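Enquirer: Pasting a structure below so you can have a look.
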Amino acid sequence: MTIDKVTKEFGGLKAVNDVSCTVKEGSIVGLIGPNGSGKTTLFNVISGVYKPTAGTIMLDGKDISYLSAHKKTMMGMARTFQVVKPFNNISVLENVMVGSYLHNHSHHRSEEFAKGILERLEIDQFADEYPKNLPLAIKKKVEIARALATSPKILLLDEVMGGLNPQETDQVLQTIVKLNEEGMTIVVIEHKMRCIMAIAEKVIVLDSGKMIAMDVPEVVAKNPEVIKAYLGDEYHAEDK
Amino acid sequence: MKLLNNKIIRWAAFFLVLIIAGLVVDNNYYLDILITVVFYACMASAWNIVGGYAGQVSVGHVAFLGLGAYTSTILFLKLNITPLIGIFAGGIMAMVLALLIGFLTIRLRGPFFTLSTIAIAEILLVLAVRFHGLTGGSEGLNIPYRPSVYNFVFKSYFTYYMMFILLMIAIVAVISYINKSRTGFYLRAVREDETAASSLGVDVLRSKLTALLVSAFFTGVGGALYAQYLLFIDPHTVFTVSFSTKVAALSIVGGIGTVIGPIVGSFILTPLEIFLRSQLGGTYQGLYLLIYGVIMVSVILIIPKGIYGALSDAIKRRRKQVKNELSA
Ligand SMILES: Nc1ncnc2c1ncn2[C@@H]1O[C@H](COP(=O)(O)OP(=O)(O)OP(=O)(O)O)[C@@H](O)[C@H]1O
Ligand SMILES: [Mg+2]
């Protein structure tokens with residue numbers, strides 16, 4: 001995926017300002033930056049929730065800048081939402097089946113596929129529960145499960161580890177690595193630096209909408225501009 | 001597979017009981033009540049496809065009913081086309097209107113969609129009054145009482161009753177299919193969260209439009225059939241917004257987004273309304289509406305998932321409890 005000079009304005013505010021980068025097929029890329037730096041907005045533009053104000057996004061050699069969200073999903077892009085958006089009045093299994101119906105047309109097959117994903121994320125015991133009755137950690141996993149159910153080639157994860165305990169975090173990290181080993185390209189927004197450093201091949205840093213660094217994690221961590229950007233935000237730069 | 005068969009057997013039993021009930025009462029007053037109950041069960045079920053599954057609350061559904069009724073009646077009176085065809089033409093005209101409404105309003109979310117559906121129903125009401133030559137204006141149209149299959153006019157109320165039951169079987173079959181199909185899952189996803197739905201590959205506009213088309217077809221067919229039963233239509237009967245709010249209320253009280261909910265709603269509320277009206281209608285004009293309204297609001301406040309929704313949740317909980325006790 002190639003992002004070329006992408007800008008997104010909200011009434012004068014450049015939430016994403018002239019960002020260019022490439023995400024290599026089969027890699028894990030970390031996207032970091034202080035609060036309000038435009039990470040989620042960039043995801044929203046990539047995934048079709050918003051149209052870019054300027055710039056282009058290419059996937060598999062096709063210009064997908066202005067495609068609607070569902071068409072991008074059909075092309076193999078899936079995402080999760082930082083503020084989880086579960087379908088509260090249908091069961092967890094049915095939530096995931098909405099995703100798995102994309103490539104499985106029969107009820108039976110999409111159910112089997114969805115069950116497999118629930119097992120993989122170890123939330124199959126919640127299959128019949130309604131998400132509204134579940135703790136945030138499980139909702140986050142449902143969010144991942146739903147996205148995975150669309151069998152994406154590229155997966156965008158927006159702070160899926162926020163609010164998880166260390167054990168759950170490790171489990172999600174392992175899942176991400178495993179998915180990547182199976183060939184999935186993954187972009188991760190994460191505040192927990194430890195996680196990003198552990199899995200990302202490349203890290204992109206945003207600050208006030210601008211990309212201020214893009215390199216391997218070790219180099220980015222020592223970049224003075226990055227350290228400065230995080231200075232007023234030490235809490236997040238810490239290994240929490 | 002076994003579950004499916006069980007379901008079919010249960011529905012077959014339900015319809016059989018209804019038919020037997022119709023044969024047993026053999027009294028036009030009670031048959032009329034049964035017909036009204038089944039008619040509203042059909043219309044609430046059709047509304048539920050859009051309002052319950054897709055979560056697009058329409059209060060303009062009467063537009064489809066009225067258009068269906070006028071289509072078949074005008075085709076018959078002006079062109080002598082049998083209502084057997086006219087009924088389907090009514091359904092198709094309702095779909096055409098749905099398509100138009102879809103393109104105009106379906107991008108609107110929540111209350112804006114709801115409000116625009118009222119406007120459309122009101123526009124049709126005005127048109128029906130104004131185009132006097134075609135619609136008979138506010139005097140309405142009479143279908144002559146000449147019983148024959150071609151005229152689709154019958155001596156026996158039971159025949160009409162069977163027609164409405166056939167419609168209900170068709171609606172139940174289609175909704176049961178949708179319920180388990182990809183379309184059904186996509187509609188519920190759209191109802192719950194449009195942004196999340198589209199991120200999972202759901203074409204939100206197309207899903208809403210599909211729901212509106214299916215719903216409009218059945219509502220139009222129902223309207224045409226109802227016209228044949230009443231043998232009379234006028235703008236204020238078949239384009240009144242209160243029809244739309246009523247079918248919405250039946251669905252909500254029964255339980256939206258389920259196959260059975262709207263049927264439960266009609267089987268409880270329609271007889272209740274008829275009873276209250278006959279008891280209180282004469283002496284205390286409007287009092288029955290007040291009581292009826294209070295009952296409905298109470299149900300909605302106490303059990304937001306509706307009667308059937310609450311029941312099925314209770315059964316699920318009970319089953320789980322039993323399962324836990326067994327495994328313990
Ligand atoms: N729909 C919107 N309308 C107007 N402004 C918006 C909108 N969405 C985001 N913004 C603004 O754009 C900026 C970037 O927000 P964004 O949510 O992308 O940041 P973020 O990097 O994801 O932050 P966080 O780490 O807190 O999740 C913020 O100033 C935010 O207020
Ligand atoms: Mg964010």
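Bear in mind these aren't lab numbers, they're just calculated from the coordinates by the rules spelled out. For clarity, every value in this text was computed on a predicted model and none was experimentally measured. As a convention, Cβ positions derive from the backbone with ideal geometry for all residues, glycine included, and neighbour counts pool all protein chains shown.
Enquirer: Looking at chain B, identify the longest residue range that excludes and avoids all trypsin sites (Lys or Arg not before Pro) in DSSP loops having at most 13 other Cβ atoms within 10 Å.
Expert: Value returned for the longest uninterrupted segment is B:156-328.
Enquirer: Also, I was wondering about something else. At what distance in angstrom do the alpha carbon centres of segment B:211-270 and segment A:206-228 lie from each other?
Expert: Between the Cα centre of segment B:211-270 and that of segment A:206-228, the gap is 61 Å.
Enquirer: Turning to a different aspect of this structure: Can you tally the net charge around A:Lys39? Count Lys and Arg as +1, Asp and Glu as -1, for every other residue whose Cβ sits under 11 Å from the Cβ of A:Lys39.
Expert: Value of the local net charge: -4.
Enquirer: Return the average number of partner chain Cβ atoms within 10 angstrom of each residue Cβ along peptide A:158-169.
Expert: 0
Enquirer: For A:His107, B:His236, what ranking results if the residue with the fewest other Cβ atoms within 10 Å of its Cβ goes first?
Expert: The most exposed by this proxy come first: B:His236, A:His107.
Enquirer: Please determine, in degrees from 0 to 90 and to the nearest 10, the orientation of helix B:2-25 with respect to the longest principal axis defined by the Cα atoms of chain B, where the helix direction is its Cα long axis.
Expert: So the inclination is approximately 40 degrees.
Enquirer: Using 1/(1 + (r/R0)^6) with R0 = 30 angstrom and r between the beta carbons of A:Lys51 and B:Ile169, what's the FRET efficiency to the nearest 0.05?
Expert: Efficiency for this residue pair is about 0.05.
Enquirer: Can you work out D for segment B:2-242 in µm² s⁻¹ from Stokes-Einstein, where Rh is the Kirkwood radius over C-alpha pairs, the temperature is 4 °C and the viscosity is 1.567 mPa s?
Expert: 70 µm²/s
Enquirer: Simple spin-label model, 7 Å along Cα-to-Cβ: B:Thr240 to A:Val216 in nm?
Expert: 7.9 nm
Enquirer: As a check on your grasp of the helix formula, calculate [θ] at 222 nm for the protein assembly as shown: sum -39500 (n - 2.57) over DSSP H runs of n ≥ 4, divide by the residue count, round to the nearest 500.
Expert: -19500 deg cm²/dmol
Enquirer: Among the listed pairs A:Lys51/A:Lys132; A:Lys5/A:Lys51; A:Lys132/B:Lys305, give every one whose C-alpha distance is greater than 25 Å.
Expert: Pairs exceeding the cut-off: A:Lys51/A:Lys132.
Enquirer: Further question on the same structure: Taking a label point 7 Å from the Cα of B:Leu23 along the Cα→Cβ vector, which residues of segment B:156-187 have an amide N closer than 18 Å to it?
Expert: B:156-166
Enquirer: Now for a separate question. Relative to the present Cα-Cα distance, how much length would full extension add between B:Val126 and B:Arg109 at 0.36 nm per residue of separation?
Expert: Full-extension gain reported as 3.5 nm.
Enquirer: Label-point separation (nm) for B:Ile33 and A:Gln125, each offset 7 Å from Cα along Cα-to-Cβ?
Expert: In this crude label model, B:Ile33 to A:Gln125 measures out at 5.2 nm.
Enquirer: Right, here's the next one. What is the mean number of Cβ atoms from other protein chains located within 10 Å of the Cβ atom of each residue in peptide A:62-70, rounded to a whole number?
Expert: Whole-number average of other-chain Cβ neighbours for A:62-70 is 3.
Enquirer: Let me ask something additional. Return the loop-located chymotrypsin sites (Phe, Trp or Tyr not before Pro) in segment B:84-145 (DSSP other than H, G, I, E, B) with at most 14 other Cβ atoms within 10 Å of their own Cβ; answer none if there are none.
Expert: B:Phe131, B:Tyr145
Enquirer: Can I ask one more? How far is helix B:28-48 tilted, in degrees, relative to the longest principal axis of the Cα atoms in chain B, given as a value from 0 to 90 rounded to the nearest 10?
Expert: It is inclined by approximately 60 degrees.
Enquirer: Give me the percent of DSSP beta bridges within the protein assembly as shown that run antiparallel, rounded to the nearest 5.
Expert: So the antiparallel bridges amount to about 55 percent of the total.
Enquirer: Which distance in Å, rounded to a whole number, links the C-alpha centroids of segment B:142-180 and segment A:17-77?
Expert: 53 Å
Enquirer: Now a separate question. Restricting to Cα pairs below 8 Å that are 6+ residues apart, what does the relative contact order work out to for chain B? Please round to a whole percent.
Expert: RCO, chain B: 30 percent.
Enquirer: Sticking with this structure for a sec: In straight Cα distance, which lysines are under 19 Å from B:Lys208, not counting same-chain residues fewer than 8 positions off?
Expert: A:Lys71, B:Lys180
Enquirer: Give me the extension gain from B:Ser327 to B:Asn5: residue separation times 0.36 nm, minus the current Cα-Cα distance, reported in nm with one decimal.
Expert: That pair, B:Ser327 and B:Asn5, stretches by 113.1 nm at full extension.
Enquirer: Using the Karplus curve 6.51 cos²θ - 1.76 cosθ + 1.60 with θ = phi - 60°, what ³J(HN,Hα) values do you get for each residue of segment B:136-141, in whole Hz, with x for Gly and Pro?
Expert: Couplings: x, x, 6, 6, x, 10 Hz.
Enquirer: Does anyone have the angle between helix B:261-280 and the longest principal axis of chain B? Alpha-carbon axes, 0 to 90°, nearest 10?
Expert: Its long axis makes an angle of about 50 degrees.
Enquirer: Give me, ordered by chain and number, the residues 5 or more places off A:Arg79 or on other chains with an amide H under 5 Å from its own placed amide H.
Expert: A:Leu156
Enquirer: So for segment A:11-70, Kirkwood radius off the Cα pairs, Stokes-Einstein at 37 °C and 0.692 mPa s: how many µm² s⁻¹?
Expert: It comes out at roughly 260 µm²/s.
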